[in-house]
Amino acid sequence: MKLASLRDGRDGRLVVVSDDLESCADASAVAPTLQAALDGWSSAAPALRALAERLAAGEVPRTPFDESEALSPLPRAYQWADGSAYVNHVELVRRARGAELPASFWTDPLMYQGGSDAFLGPRDPIPLSDEAWGCDCEAEVAVIVDDVPMGVSPEAARGHIKLVMLVNDVSLRNLIPNELAKGFGFFQSKPPSAFSPVAATPDALDAAWDGAKLHLPILTRINGAPFGRPNAGLEMTFDFGQLIAHAAKTRPLAAGSILGSGTVSNRREDGSPGRPVSEGGLGYSCIAELRMVETIRDGAPKTPFLKYGDRVEIEMLNREGRSIFGRIDQTVRPA
């Protein structure tokens, strides 16, 4: 089952979307918004699934699904917590500045709490006030949970995953060092993120979803050129069950909370840093990682961060080559 929120008020109007993303059916009779559906998921999910089956059978009114009319599935959320499950990415960043990777990074996830009150739509521009801030994209997988109790185990946490989607976690790289130097985490350096047009239930992902990881490449293009295609299921040190359990160690998570995987990152088979797509490699999910590789290899970065007019596309295809979640497609614009 696939769900989306079309532009209609602050929280959008819930629709069920066909598997091929070609059409949709109004779901407001079940729940007016996705958050409302998540609040009553035990009863809303069967009704939404029945609607999806009727849509597939041509038994309900349908309209073409226009991704440009979609907001992020949750246009705002009670919580957005982003992990850094691909330790290879963290290791590269630290290695480029000559810092050792603490051993605890392999056993205890990194996570920050991002702004969740105003997500960008998947086709909205990325507003940027100053190019000198170092605007970067980050292609990630994210999950939406129902109510999660405090102290949940990683195994039990997997059962609370109700929807899966993609995210462009926008970062302002040149603001990060001064913020982290204060010892109090990200804030100004993490502007609004954008999520894919569609969120899918885990069963809609077939064998690519193993219950805690999504085993497919996440595709990033910058200005039309392939930039990254790493597999989201490989080298994910902490799966989504572990990330949820980490977030819920000392607090419950409300239905509609979103948890991100962090920047998807793959190494080469010999364990060395990944190569750019242009050199036959799997590339990267953010510009910062390419810059780190350039620093390690050449002594200094040469690839610039995003400028006004630059375009970022993030998508994931199924094994038949069809888009699963729709496409995040954003252009950097002056704020």
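Any idea of the accessible area per residue across the range 154-256, 1.4 Å probe, to the nearest Å²?
Numbers: 4130 Å² over 103 residues.
Heavy-atom accessible area per residue stands at 40 Å².
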Original post:
What list of ³J(HN,Hα) couplings, whole Hz, do you get for the range 236-247 from phi and the Karplus terms 6.51, -1.76, 1.60, once you set θ to phi - 60° and write x for glycine and proline?
Top reply: 7, 4, 10, 7, 5, x, 5, 5, 5, 4, 5, 5
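If I take every Cα pair under 8 Å that is 6 or more residues apart in the range 1-143, average their sequence separation and divide by the length, what percent do I get for the relative contact order? Don't skip to the end; give the middle numbers.
Values: 194 pairs, mean separation 31.0, N = 143.
With pairs under 8 Å counted, the relative contact order is 22 percent.
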Original post:
For the chain, modelled as a GNM with alpha-carbon contacts under 10 angstrom, which of N266, N88, N223 fluctuates the most?
Top reply: N223
**OP:** Whenever you get a sec, compute what percent of the accessible area on the chain sits on carbon and sulfur atoms (1.4 Å probe).
**Re:** 51 percent
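Taking 8 Å as the Cα distance limit and 6 or more residues as the minimum spacing, I'd like the relative contact order of the chain as a percentage. Before the final figure, lay out the partial values.
Values: 835 pairs, mean separation 75.3, N = 335.
In percent, rounded to a whole number, it is 22.
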Subject >> Cα-based shape type of the range 35-74, given that a ≥ b ≥ c are square roots of the gyration tensor eigenvalues and the cut on a/c is 1.5 >> reply: oblate
**OP:** Please report how far the C-alpha centroid of the range 264-299 lies from that of the range 187-217, rounded to the nearest whole angstrom.
**Re:** 22 Å
**OP:** Springs between alpha-carbon atoms under 10 Å, Gaussian network over the chain: tell me which of Y112, Y284, Y86 tops the mean-square fluctuations.
**Re:** Y112
Original post:
Of K213/K249; K190/K213; K2/K307, which pairs sit farther than 27 Å apart, going by alpha carbon to alpha carbon?
Top reply: K2/K307
**OP:** Please report the relative contact order for the range 211-335, taking Cα pairs under 8 Å with a sequence separation of at least 6, and give it as a percent rounded to a whole number.
**Re:** 26 percent
Original post:
What are the ³J(HN,Hα) values, in whole Hz, obtained from phi via the Karplus relation 6.51 cos²θ - 1.76 cosθ + 1.60 with θ = phi - 60°, for each residue of the range 52-60 in sequence order, with x given for Gly and Pro?
Top reply: 4, 5, 5, 5, 5, 8, x, 9, 10
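Where Rh denotes the Kirkwood radius from the mean inverse Cα pair distance, what is Rg over Rh for the range 170-247? Could you put the intermediate results ahead of the total?
Working: Rg = 16.1 Å, Rh = 15.5 Å.
Looking at the range 170-247, the ratio lands at 1.04.
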Original post:
Looking only at V90, V15, V164, which one moves most when the chain is put into a Gaussian network model with springs between Cα atoms under 10 Å?
Top reply: V90
**OP:** Go ahead and estimate [θ] at 222 nm for the chain from helices alone: -39,500 (n - 2.57) per DSSP H run with n ≥ 4, summed, over the residue count, rounded to 500.
**Re:** -5000 deg cm²/dmol
**OP:** Identify all aspartates and glutamates with a Cα-Cα distance to K302 below 17 Å; exclude those on the same chain that are fewer than 8 residues away in sequence.
**Re:** E131, D136, E279, E289, E294, D310
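Over the range 1-125, average the accessible area per residue using a 1.4 Å probe and give it in Å², no decimals. Please report the intermediate quantities before stating the final value.
Values: 5830 Å² over 125 residues.
Here the residues of the range 1-125 average 47 Å² of exposed surface.
The values are calculated or read from the model by the stated rules, or taken from the named source; none is laboratory data. What you are looking at is a predicted structure, and each value in this text was computed from that prediction instead of being measured. The protein model used for the area step is the full one, side chains on, heavy atoms only, and it has no ligands, DNA or RNA in it. Shrake-Rupley method; radii C 1.70, N 1.55, O 1.52, S 1.80 Å.
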